[in-house]
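Enquirer: This structure is in C-alpha coordinates; I'll ask about it shortly.
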Amino acid sequence: MSDHIHALALPRIRALSPYVPGKPIDELARELGLDPADIVKLASNENPMGPNPRILAAIRRAARLLTRYPDGNGFELKAKLGERFGIDAAQITLGNGSNDIIVMVAEAFLAEGRNAVFSQYGFAAYPLATQASGAECREVAAKAWGNDLEGMLTAIDGDTRVIFIANPNNPTGSWVDRQDLERFLARVPGHVLVVLDEAYIEYADDASLPDGLDYVASHPNLLVSRSLCKAYGLAGLRVGYAVSSREVADLLNRVRQPFNVNSLALAGACAALDDDAYLEAGRRVNRHGLAQLQAGLDALGLSWIPMRANFVTVDLGMPAQPVYQSLLRQGVIVRPLDGYGLPGHLRVSVGLDHENRSFLDALAIALKESGHAAH
Ligand SMILES: *Cc1c(COP(=O)(O)O)cnc(C)c1O
(Lines give C-alpha, C1' and ligand atoms only; values in the text may rest on other atoms or scores of the structure.)
Protein backbone atom coordinates (compact mmCIF):
# COMPACT_ATOMS: atom_id res chain seq x y z
CA MET A 1 0.00 0.00 0.00
CA SER A 2 2.67 2.52 0.98
CA ASP A 3 4.60 1.66 -2.19
CA HIS A 4 1.46 2.35 -4.12
CA ILE A 5 1.01 5.73 -2.44
CA HIS A 6 4.67 6.53 -3.11
CA ALA A 7 4.13 5.93 -6.83
CA LEU A 8 1.19 8.35 -6.83
CA ALA A 9 3.33 11.32 -5.84
CA LEU A 10 4.88 13.57 -8.46
CA PRO A 11 8.20 12.12 -9.68
CA ARG A 12 9.98 15.37 -8.88
CA ILE A 13 8.71 15.21 -5.28
CA ARG A 14 9.77 11.57 -4.95
CA ALA A 15 13.22 12.62 -6.13
CA LEU A 16 13.66 15.28 -3.41
CA SER A 17 16.01 14.77 -0.49
CA PRO A 18 14.44 16.41 2.55
CA TYR A 19 16.24 19.25 4.30
CA VAL A 20 18.49 17.93 7.06
CA PRO A 21 18.49 20.28 10.07
CA GLY A 22 21.11 20.41 12.80
CA LYS A 23 20.65 17.61 15.33
CA PRO A 24 18.24 18.75 18.07
CA ILE A 25 19.65 19.11 21.60
CA ASP A 26 16.96 16.88 23.16
CA GLU A 27 17.64 14.09 20.67
CA LEU A 28 21.35 13.92 21.52
CA ALA A 29 20.60 14.28 25.26
CA ARG A 30 18.28 11.23 25.01
CA GLU A 31 20.87 9.23 23.07
CA LEU A 32 23.68 10.00 25.51
CA GLY A 33 21.52 9.92 28.65
CA LEU A 34 22.64 13.48 29.43
CA ASP A 35 20.84 16.55 30.70
CA PRO A 36 19.98 18.81 27.72
CA ALA A 37 21.71 21.63 29.61
CA ASP A 38 25.01 19.76 29.19
CA ILE A 39 24.78 19.66 25.40
CA VAL A 40 26.55 22.33 23.35
CA LYS A 41 24.74 22.99 20.07
CA LEU A 42 26.64 25.04 17.52
CA ALA A 43 24.87 23.63 14.48
CA SER A 44 22.15 25.97 13.24
CA ASN A 45 23.63 29.48 13.34
CA GLU A 46 21.30 30.42 16.16
CA ASN A 47 21.74 33.39 18.45
CA PRO A 48 23.53 31.91 21.50
CA MET A 49 22.42 34.59 23.98
CA GLY A 50 19.09 33.04 24.90
CA PRO A 51 15.71 34.73 24.49
CA ASN A 52 15.46 38.48 24.83
CA PRO A 53 13.32 39.20 27.97
CA ARG A 54 11.53 42.04 26.17
CA ILE A 55 10.45 39.64 23.45
CA LEU A 56 9.23 37.15 26.02
CA ALA A 57 7.15 39.88 27.66
CA ALA A 58 5.62 40.87 24.31
CA ILE A 59 4.77 37.26 23.56
CA ARG A 60 3.12 36.86 26.95
CA ARG A 61 0.94 39.89 26.23
CA ALA A 62 0.09 38.64 22.73
CA ALA A 63 -0.88 35.23 24.12
CA ARG A 64 -4.02 36.78 25.62
CA LEU A 65 -5.41 36.87 22.07
CA LEU A 66 -4.37 33.32 21.23
CA THR A 67 -7.91 32.23 20.35
CA ARG A 68 -8.03 34.93 17.63
CA TYR A 69 -6.46 34.60 14.20
CA PRO A 70 -3.36 36.74 13.74
CA ASP A 71 -3.39 39.94 11.70
CA GLY A 72 -3.02 38.28 8.31
CA ASN A 73 -1.44 41.41 6.87
CA GLY A 74 1.01 41.95 9.71
CA PHE A 75 0.15 45.65 9.77
CA GLU A 76 2.18 46.61 12.83
CA LEU A 77 5.30 44.64 11.89
CA LYS A 78 5.26 45.96 8.33
CA ALA A 79 4.82 49.50 9.65
CA LYS A 80 7.84 49.05 11.93
CA LEU A 81 9.97 47.61 9.14
CA GLY A 82 8.80 50.34 6.77
CA GLU A 83 9.73 53.04 9.21
CA ARG A 84 13.09 51.49 10.02
CA PHE A 85 14.16 51.13 6.40
CA GLY A 86 12.27 53.98 4.77
CA ILE A 87 10.14 51.73 2.59
CA ASP A 88 6.45 51.44 1.87
CA ALA A 89 4.61 48.65 3.72
CA ALA A 90 3.27 47.51 0.32
CA GLN A 91 6.84 46.50 -0.61
CA ILE A 92 7.09 44.08 2.30
CA THR A 93 6.16 40.39 2.38
CA LEU A 94 6.27 38.62 5.73
CA GLY A 95 7.34 35.00 5.91
CA ASN A 96 7.20 32.12 8.37
CA GLY A 97 10.97 32.40 8.47
CA SER A 98 12.72 33.62 5.35
CA ASN A 99 12.57 30.04 4.08
CA ASP A 100 8.87 30.73 3.52
CA ILE A 101 9.83 33.66 1.25
CA ILE A 102 12.03 31.36 -0.85
CA VAL A 103 9.14 28.92 -1.27
CA MET A 104 6.72 31.73 -2.20
CA VAL A 105 9.15 32.99 -4.85
CA ALA A 106 9.39 29.50 -6.34
CA GLU A 107 5.61 29.09 -6.33
CA ALA A 108 5.06 32.43 -8.02
CA PHE A 109 7.87 32.34 -10.59
CA LEU A 110 9.07 28.77 -11.19
CA ALA A 111 7.57 25.80 -13.02
CA GLU A 112 8.49 23.17 -15.57
CA GLY A 113 10.20 24.73 -18.58
CA ARG A 114 11.81 27.44 -16.42
CA ASN A 115 15.03 27.42 -14.47
CA ALA A 116 16.61 28.96 -11.39
CA VAL A 117 20.30 29.80 -11.06
CA PHE A 118 22.22 29.44 -7.81
CA SER A 119 25.72 28.66 -6.66
CA GLN A 120 27.46 25.44 -5.77
CA TYR A 121 27.60 25.41 -1.94
CA GLY A 122 24.48 27.60 -2.01
CA PHE A 123 21.81 27.39 0.67
CA ALA A 124 19.91 24.06 0.60
CA ALA A 125 16.48 25.71 0.36
CA TYR A 126 17.18 26.93 -3.20
CA PRO A 127 17.47 23.54 -4.93
CA LEU A 128 14.65 22.17 -2.77
CA ALA A 129 12.18 24.93 -3.70
CA THR A 130 13.28 24.88 -7.35
CA GLN A 131 12.97 21.09 -7.74
CA ALA A 132 9.61 21.05 -5.98
CA SER A 133 8.32 23.63 -8.47
CA GLY A 134 9.35 21.48 -11.46
CA ALA A 135 11.86 24.03 -12.69
CA GLU A 136 15.43 23.12 -13.61
CA CYS A 137 18.26 23.79 -11.14
CA ARG A 138 21.24 25.55 -12.70
CA GLU A 139 24.04 25.20 -10.22
CA VAL A 140 27.05 27.36 -11.04
CA ALA A 141 30.52 26.31 -9.88
CA ALA A 142 31.59 28.30 -6.83
CA LYS A 143 34.38 30.82 -6.87
CA ALA A 144 36.28 31.29 -3.60
CA TRP A 145 33.66 29.09 -1.87
CA GLY A 146 30.78 31.30 -2.92
CA ASN A 147 28.72 33.04 -5.57
CA ASP A 148 30.60 33.54 -8.84
CA LEU A 149 28.41 36.38 -10.10
CA GLU A 150 30.07 36.40 -13.54
CA GLY A 151 29.53 32.68 -13.93
CA MET A 152 25.95 33.04 -12.77
CA LEU A 153 25.25 35.73 -15.38
CA THR A 154 26.57 33.34 -18.03
CA ALA A 155 24.21 30.59 -16.81
CA ILE A 156 21.13 32.76 -17.36
CA ASP A 157 19.09 32.04 -20.46
CA GLY A 158 15.64 32.95 -21.78
CA ASP A 159 13.98 30.44 -19.42
CA THR A 160 15.67 31.68 -16.25
CA ARG A 161 13.22 33.36 -13.90
CA VAL A 162 15.01 33.42 -10.55
CA ILE A 163 18.58 33.72 -9.36
CA PHE A 164 19.27 33.03 -5.69
CA ILE A 165 22.24 34.74 -4.04
CA ALA A 166 22.90 34.48 -0.32
CA ASN A 167 25.12 37.29 0.91
CA PRO A 168 26.87 36.28 3.08
CA ASN A 169 26.55 32.71 1.87
CA ASN A 170 25.58 29.76 4.04
CA PRO A 171 27.22 27.21 4.59
CA THR A 172 30.54 28.78 3.60
CA GLY A 173 30.25 32.34 4.96
CA SER A 174 31.74 33.82 1.78
CA TRP A 175 30.42 37.16 0.54
CA VAL A 176 30.23 39.41 -2.49
CA ASP A 177 31.29 43.02 -2.09
CA ARG A 178 29.46 46.16 -3.09
CA GLN A 179 31.28 46.71 -6.36
CA ASP A 180 30.70 43.16 -7.61
CA LEU A 181 27.03 43.26 -6.63
CA GLU A 182 26.48 46.59 -8.37
CA ARG A 183 28.20 45.36 -11.53
CA PHE A 184 26.03 42.25 -11.42
CA LEU A 185 22.75 44.13 -10.86
CA ALA A 186 23.55 46.43 -13.75
CA ARG A 187 23.88 43.46 -16.09
CA VAL A 188 21.27 40.94 -14.93
CA PRO A 189 18.44 40.77 -17.48
CA GLY A 190 15.04 42.17 -16.50
CA HIS A 191 13.24 38.83 -16.96
CA VAL A 192 15.12 37.36 -13.98
CA LEU A 193 14.09 37.99 -10.37
CA VAL A 194 17.19 38.38 -8.21
CA VAL A 195 16.63 36.98 -4.71
CA LEU A 196 19.30 38.48 -2.49
CA ASP A 197 19.15 36.44 0.70
CA GLU A 198 20.58 38.50 3.56
CA ALA A 199 19.88 36.17 6.48
CA TYR A 200 23.18 37.15 8.13
CA ILE A 201 23.44 40.81 7.12
CA GLU A 202 22.98 42.06 10.70
CA TYR A 203 26.31 40.48 11.64
CA ALA A 204 28.20 42.34 8.94
CA ASP A 205 30.56 44.96 10.27
CA ASP A 206 32.54 45.19 7.05
CA ALA A 207 31.85 48.42 5.15
CA SER A 208 32.49 46.70 1.82
CA LEU A 209 29.45 44.46 2.36
CA PRO A 210 26.51 45.92 0.42
CA ASP A 211 23.06 46.50 1.94
CA GLY A 212 20.61 45.04 -0.57
CA LEU A 213 17.89 47.47 0.48
CA ASP A 214 19.89 50.28 -1.16
CA TYR A 215 19.13 48.75 -4.57
CA VAL A 216 15.45 47.82 -4.37
CA ALA A 217 14.13 51.20 -5.56
CA SER A 218 16.37 51.19 -8.64
CA HIS A 219 15.91 47.49 -9.51
CA PRO A 220 12.29 46.34 -9.90
CA ASN A 221 13.54 42.76 -10.37
CA LEU A 222 15.35 42.65 -7.02
CA LEU A 223 13.93 41.01 -3.90
CA VAL A 224 15.89 41.25 -0.66
CA SER A 225 15.08 38.58 1.88
CA ARG A 226 15.88 38.98 5.58
CA SER A 227 15.39 36.84 8.65
CA LEU A 228 14.69 37.57 12.30
CA CYS A 229 15.70 34.00 13.14
CA LYS A 230 19.43 34.60 13.25
CA ALA A 231 20.79 37.85 14.77
CA TYR A 232 17.42 38.84 16.25
CA GLY A 233 17.14 35.48 18.00
CA LEU A 234 13.67 34.36 16.83
CA ALA A 235 14.57 30.99 15.24
CA GLY A 236 11.90 29.15 17.20
CA LEU A 237 9.21 31.70 16.36
CA ARG A 238 9.95 31.71 12.60
CA VAL A 239 9.84 35.21 11.12
CA GLY A 240 11.39 36.60 7.96
CA TYR A 241 10.54 39.30 5.46
CA ALA A 242 11.17 40.32 1.90
CA VAL A 243 11.52 43.80 0.47
CA SER A 244 10.78 44.17 -3.23
CA SER A 245 8.83 46.26 -5.69
CA ARG A 246 5.10 46.51 -4.90
CA GLU A 247 4.42 44.36 -7.98
CA VAL A 248 6.54 41.46 -6.74
CA ALA A 249 5.10 41.78 -3.21
CA ASP A 250 1.61 41.67 -4.69
CA LEU A 251 2.44 38.46 -6.57
CA LEU A 252 3.90 36.77 -3.49
CA ASN A 253 0.82 37.79 -1.51
CA ARG A 254 -1.28 35.67 -3.90
CA VAL A 255 0.54 32.46 -2.97
CA ARG A 256 1.25 33.36 0.66
CA GLN A 257 -0.71 31.23 3.10
CA PRO A 258 -3.23 33.28 5.04
CA PHE A 259 -1.86 33.83 8.58
CA ASN A 260 1.55 32.41 7.61
CA VAL A 261 3.17 34.38 10.46
CA ASN A 262 1.53 33.56 13.78
CA SER A 263 0.45 36.12 16.34
CA LEU A 264 3.22 35.36 18.84
CA ALA A 265 5.81 35.66 16.09
CA LEU A 266 4.36 39.00 14.95
CA ALA A 267 4.46 40.34 18.50
CA GLY A 268 7.95 38.97 19.12
CA ALA A 269 9.26 40.45 15.87
CA CYS A 270 7.88 43.90 16.70
CA ALA A 271 9.54 43.76 20.12
CA ALA A 272 12.80 42.54 18.55
CA LEU A 273 12.91 45.49 16.16
CA ASP A 274 12.42 47.85 19.11
CA ASP A 275 15.49 46.55 20.93
CA ASP A 276 18.69 47.52 19.17
CA ALA A 277 20.67 46.90 22.36
CA TYR A 278 20.03 43.14 22.13
CA LEU A 279 21.15 43.14 18.49
CA GLU A 280 24.29 45.07 19.38
CA ALA A 281 25.06 42.72 22.28
CA GLY A 282 24.69 39.80 19.89
CA ARG A 283 27.15 41.38 17.49
CA ARG A 284 29.66 41.78 20.31
CA VAL A 285 29.24 38.15 21.36
CA ASN A 286 29.69 37.16 17.73
CA ARG A 287 32.85 39.19 17.17
CA HIS A 288 34.38 37.76 20.32
CA GLY A 289 33.33 34.20 19.46
CA LEU A 290 34.60 34.38 15.88
CA ALA A 291 38.02 35.54 17.07
CA GLN A 292 38.04 32.80 19.71
CA LEU A 293 37.10 30.06 17.25
CA GLN A 294 39.54 31.23 14.60
CA ALA A 295 42.42 31.41 17.09
CA GLY A 296 41.51 27.97 18.44
CA LEU A 297 41.35 26.43 14.97
CA ASP A 298 44.64 28.05 14.03
CA ALA A 299 46.20 26.56 17.16
CA LEU A 300 44.95 23.13 16.06
CA GLY A 301 46.52 23.67 12.64
CA LEU A 302 43.17 23.67 10.84
CA SER A 303 42.22 26.00 8.02
CA TRP A 304 38.84 27.69 7.76
CA ILE A 305 37.00 29.65 5.11
CA PRO A 306 37.08 33.44 5.59
CA MET A 307 33.54 34.50 6.51
CA ARG A 308 31.24 37.42 7.33
CA ALA A 309 28.62 35.69 9.43
CA ASN A 310 28.03 33.92 12.76
CA PHE A 311 29.67 30.63 11.86
CA VAL A 312 33.00 29.21 10.76
CA THR A 313 33.40 26.48 8.17
CA VAL A 314 36.44 24.38 8.98
CA ASP A 315 38.45 22.36 6.49
CA LEU A 316 39.55 19.15 8.21
CA GLY A 317 41.48 17.89 5.22
CA MET A 318 40.00 14.43 5.88
CA PRO A 319 36.49 12.97 6.05
CA ALA A 320 34.59 15.00 8.63
CA GLN A 321 32.13 12.29 9.70
CA PRO A 322 34.39 10.57 12.28
CA VAL A 323 35.21 13.94 13.82
CA TYR A 324 31.51 14.92 13.81
CA GLN A 325 30.59 11.62 15.49
CA SER A 326 33.30 12.00 18.12
CA LEU A 327 32.06 15.53 18.88
CA LEU A 328 28.52 14.14 19.30
CA ARG A 329 29.76 11.53 21.76
CA GLN A 330 31.29 14.41 23.72
CA GLY A 331 27.97 16.28 23.71
CA VAL A 332 28.87 18.83 21.04
CA ILE A 333 26.67 19.28 17.97
CA VAL A 334 28.07 20.96 14.85
CA ARG A 335 27.00 20.64 11.22
CA PRO A 336 28.52 18.15 8.78
CA LEU A 337 28.33 19.39 5.19
CA ASP A 338 28.29 16.12 3.19
CA GLY A 339 24.91 17.17 1.78
CA TYR A 340 26.55 20.27 0.33
CA GLY A 341 29.34 18.31 -1.35
CA LEU A 342 31.82 19.31 1.38
CA PRO A 343 32.49 15.99 3.14
CA GLY A 344 35.78 17.25 4.62
CA HIS A 345 34.29 20.36 6.24
CA LEU A 346 32.32 21.08 9.39
CA ARG A 347 30.32 24.23 10.00
CA VAL A 348 30.46 25.58 13.54
CA SER A 349 28.12 28.33 14.72
CA VAL A 350 29.52 30.94 17.06
CA GLY A 351 28.43 30.28 20.63
CA LEU A 352 29.07 31.83 24.01
CA ASP A 353 32.65 31.87 25.27
CA HIS A 354 32.30 28.66 27.30
CA GLU A 355 30.51 26.87 24.45
CA ASN A 356 33.24 27.79 21.98
CA ARG A 357 35.80 26.56 24.47
CA SER A 358 33.94 23.26 24.94
CA PHE A 359 33.85 22.82 21.19
CA LEU A 360 37.57 23.51 20.74
CA ASP A 361 38.50 21.14 23.59
CA ALA A 362 36.24 18.42 22.17
CA LEU A 363 37.63 19.00 18.70
CA ALA A 364 41.20 18.46 19.89
CA ILE A 365 40.13 15.09 21.33
CA ALA A 366 38.11 14.23 18.21
CA LEU A 367 41.08 14.94 15.96
CA LYS A 368 43.31 12.69 18.05
CA GLU A 369 40.72 9.89 18.02
CA SER A 370 40.39 10.11 14.24
CA GLY A 371 44.13 10.10 13.64
CA HIS A 372 44.21 13.62 12.24
CA ALA A 373 47.74 14.70 11.35
CA ALA A 374 47.47 18.36 12.33
CA HIS A 375 46.80 18.39 16.08
C1 LIG B 1 19.10 30.29 8.00
C2 LIG B 1 18.98 30.76 6.59
C3 LIG B 1 17.74 31.09 6.02
C4 LIG B 1 16.45 30.70 6.66
O5 LIG B 1 16.16 31.41 7.72
P6 LIG B 1 14.75 31.31 8.41
O7 LIG B 1 14.38 32.75 8.51
O8 LIG B 1 15.02 30.64 9.70
O9 LIG B 1 13.80 30.54 7.54
C10 LIG B 1 17.70 31.60 4.76
N11 LIG B 1 18.81 31.76 4.04
C12 LIG B 1 20.01 31.44 4.53
C13 LIG B 1 21.20 31.64 3.67
C14 LIG B 1 20.12 30.92 5.81
O15 LIG B 1 21.31 30.54 6.26
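The values are calculated or read from the model by the stated rules, or taken from the named source; none is laboratory data. Here the structure is a predicted model, which means the values were calculated and not measured. Glycine gets a Cβ as well: all are built from the backbone with ideal geometry, and neighbour counts include every protein chain shown. Ligands, DNA and RNA are excluded from the accessible area calculation, which covers all protein heavy atoms including side chains. Shrake-Rupley method; radii C 1.70, N 1.55, O 1.52, S 1.80 Å.
Enquirer: To the nearest 0.05, what FRET efficiency results for Leu32 and Ala79 with a Förster distance of 45 Å applied to their C-beta separation?
Expert: 0.45
Enquirer: I would also like to ask the following. Name the shape class, rounded, prolate or oblate, that the alpha-carbon gyration tensor gives for the stretch 207-275, where a ≥ b ≥ c are the square roots of its eigenvalues, rounded holds for a/c under 1.5, and otherwise prolate holds if a/b is larger than b/c and oblate otherwise. Walk me through the numbers on the way to the answer.
Expert: Working: a/c = 2.64, a/b = 1.22, b/c = 2.17.
Oblate shape, in that a/c is at least 1.5 and b/c is the bigger or equal ratio.
Enquirer: Share of the stretch 265-375's accessible area from carbon and sulfur, percent, 1.4 Å?
Expert: So the carbon and sulfur contribution to the accessible surface is 57 percent.
Enquirer: To continue, here is another question. Send over a whole-number figure in Å² for the accessible area per residue of the chain, probe 1.4 Å.
Expert: On the way: 16680 Å² over 375 residues.
Per residue, the chain has 44 Å² of solvent-accessible surface.
Enquirer: In angstroms, what radius of gyration and Dmax does the stretch 89-157 have, counting Cα atoms only?
Expert: My reading of the Cα-based Rg and Dmax gives 12.9, 37 Å.
Enquirer: Rounded if a/c is under 1.5, else prolate if a/b is larger than b/c, else oblate: which is the stretch 224-375, with a ≥ b ≥ c the root eigenvalues of its Cα gyration tensor?
Expert: Details: a/c = 2.61, a/b = 1.97, b/c = 1.32.
Because a/c hits 1.5 or more and a/b exceeds b/c, the stretch 224-375 counts as prolate.
Enquirer: Would you mind checking the pairs Lys41/Lys230; Lys78/Lys230; Lys41/Lys80; Lys41/Lys368; Lys80/Lys230 and listing those with alpha carbons more than 24 angstrom apart?
Expert: Numbers: Lys41/Lys230 14 Å; Lys78/Lys230 19 Å; Lys41/Lys80 32 Å; Lys41/Lys368 21 Å; Lys80/Lys230 19 Å.
Exceeds cut-off: Lys41/Lys80.
Enquirer: Take the alpha carbon gyration tensor of the chain, find the square roots of its eigenvalues, order them as a ≥ b ≥ c, and report rounded if a/c is under 1.5; if not, report prolate when a/b exceeds b/c, else oblate.
Expert: Rounded, since a/c falls under 1.5.
Enquirer: Mind checking Rg over Rh on the stretch 287-327, alpha carbons, Kirkwood formula for Rh?
Expert: 0.98
Enquirer: Please give the charge dipole size of the stretch 198-313, origin at the Cα centre, charges +1 on K and R Cβ atoms and -1 on D and E Cβ atoms. Round to the nearest 20 debye. Display every interim value, and only then the final one.
Expert: Details: 10 positive and 13 negative charges, 82 e Å.
The dipole magnitude comes to about 400 debye.
Enquirer: How much mean residue ellipticity at 222 nm does the chain get from its helices, if each DSSP H run of length 4 or more adds -39500 (n - 2.57) and you divide by all residues, to the nearest 500 deg cm²/dmol?
Expert: -12000 deg cm²/dmol
Enquirer: Cβ neighbours within 10 Å, averaged per peptide: list 183-191, 314-322 in order, most packed at the top.
Expert: Order by mean packing, descending: 314-322, 183-191.
Enquirer: If you put +1 on each Lys and Arg Cβ and -1 on each Asp and Glu Cβ, how big is the dipole of the stretch 34-177 around its Cα centre, in Debye rounded to 20? Provide the component values of the computation, followed by the final result.
Expert: Numbers: 13 positive and 17 negative charges, 160 e Å.
Here the stretch 34-177 has a charge dipole of around 760 debye.
Enquirer: Compute the convex hull volume of the Cα atoms of the stretch 167-255, divide it by the residue count, and report the result per residue in Å³ as a whole number.
Expert: Convex hull of Cα atoms, per residue: 112 Å³.
Enquirer: Right, here's the next one. What does the charge count near Asn147 come to, summing +1 for each Lys or Arg and -1 for each Asp or Glu among other residues with Cβ under 15 Å from its Cβ?
Expert: That works out to -2.
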